[in-house]
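Trainee: Sharing a structure here in structure tokens format.
FYI, it's all coordinate maths here, none of it is from the lab. Predicted model, so just to flag it, every value in this text is computed and none were measured. Glycine gets a Cβ as well: all are built from the backbone with ideal geometry, and neighbour counts include every protein chain shown.
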Amino acid sequence: MSTGLIIALIVIAAVVVIIAAAMTLRARGARRGPSLKRRFGPEYDLAVARHDGDTKAAERELAERVERHGDLRERALEPAQREQYEARWTAAQERFVDSPREAVAEADRLLAELAGARGFPDGGQYEEQLAALSVHHAHHVDGYRRVHRAAHLRPEDARDGGTGTEDMREAMVAARALFEELVRPARHDGGGHVAGPHLGGRHEGGRHKAGLNGGRKAPATRGGHMPWAMHRRQAKES
């Protein structure tokens, strides 16, 4: 066999390998899009919007998040820790009536600490912590994003059309869903924990008291949760 023929065969083999690799990557990309959309839900749409509609760029970002944080195992909370976090959240939402800005700031700090306690990146690395949370709690992580944004907005910016009291109230409502997911025991710890009524306000003498409910008695919903933040007229700007 001549040298020229050997070279030609090598070139042909290399081309075949390159084409096969390209087809494999294309097939993976075609499958990855729907998979990422199912996994991230609303976070997928937010990522696409952030990349001005470029789905490929959004999917690259989301795939990188999965690669960095997909193997993270959430740590369990001790019962005493859980009770402390629940009490702090209750205090924050009750404080909202008189000091909404301080209440939002406490909710932001609380979520950062709670996520760190569950094994996510430290709250001092907000962007990385948010990315990790989005991989494991995609349907509720935007509440943390909203409450963090509200907590770090300057008062003068709020007066100029930024985050007002109603926006802060809605941010805390959205953030509560993530709080409840993080504060309950992980499945491998037996699960079954349902946040008690004090997450929506505390009971005093059988009467429900919740800062964002305007002090009105709220009916219990299935699972023991108490709805809150449904009445907002009493909240005032701090």
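Trainee: Among the residues of region 80-104, how many are of a type in the set (Phe, Trp, Tyr), part of a helix (DSSP H, G or I) and either surrounded by fewer than 15 Cβ atoms within 10 Å (Cβ to Cβ) or more than 21 Å from the chain's Cα centre (by Cα) (or both)? Please lay out each step first, then the result.
Mentor: Step one: of region 80-104, the residues of a type in the set (Phe, Trp, Tyr) are 85, 89, 96.
Checking which are part of a helix (DSSP H, G or I) leaves us with 85, 89.
Going one step further and asking which of them are either surrounded by fewer than 15 Cβ atoms within 10 Å (Cβ to Cβ) or more than 21 Å from the chain's Cα centre (by Cα) (or both), we end up with none.
Here the count works out to 0.
Trainee: Right, here's the next one. Taking region 127-148, which residues are crowded, with 17+ Cβ neighbours inside 10 Å, in a helix (DSSP H, G or I) and not aliphatic (A, V, I, L, M)?
Mentor: Selection gives 129, 134, 136, 142, 143, 144, 145, 146, 148.
Trainee: How many residues, within region 39-56, are surrounded by 14 or more Cβ atoms within 10 Å (Cβ to Cβ) and closer than 18 Å to residue 127 by Cα?
Mentor: 7
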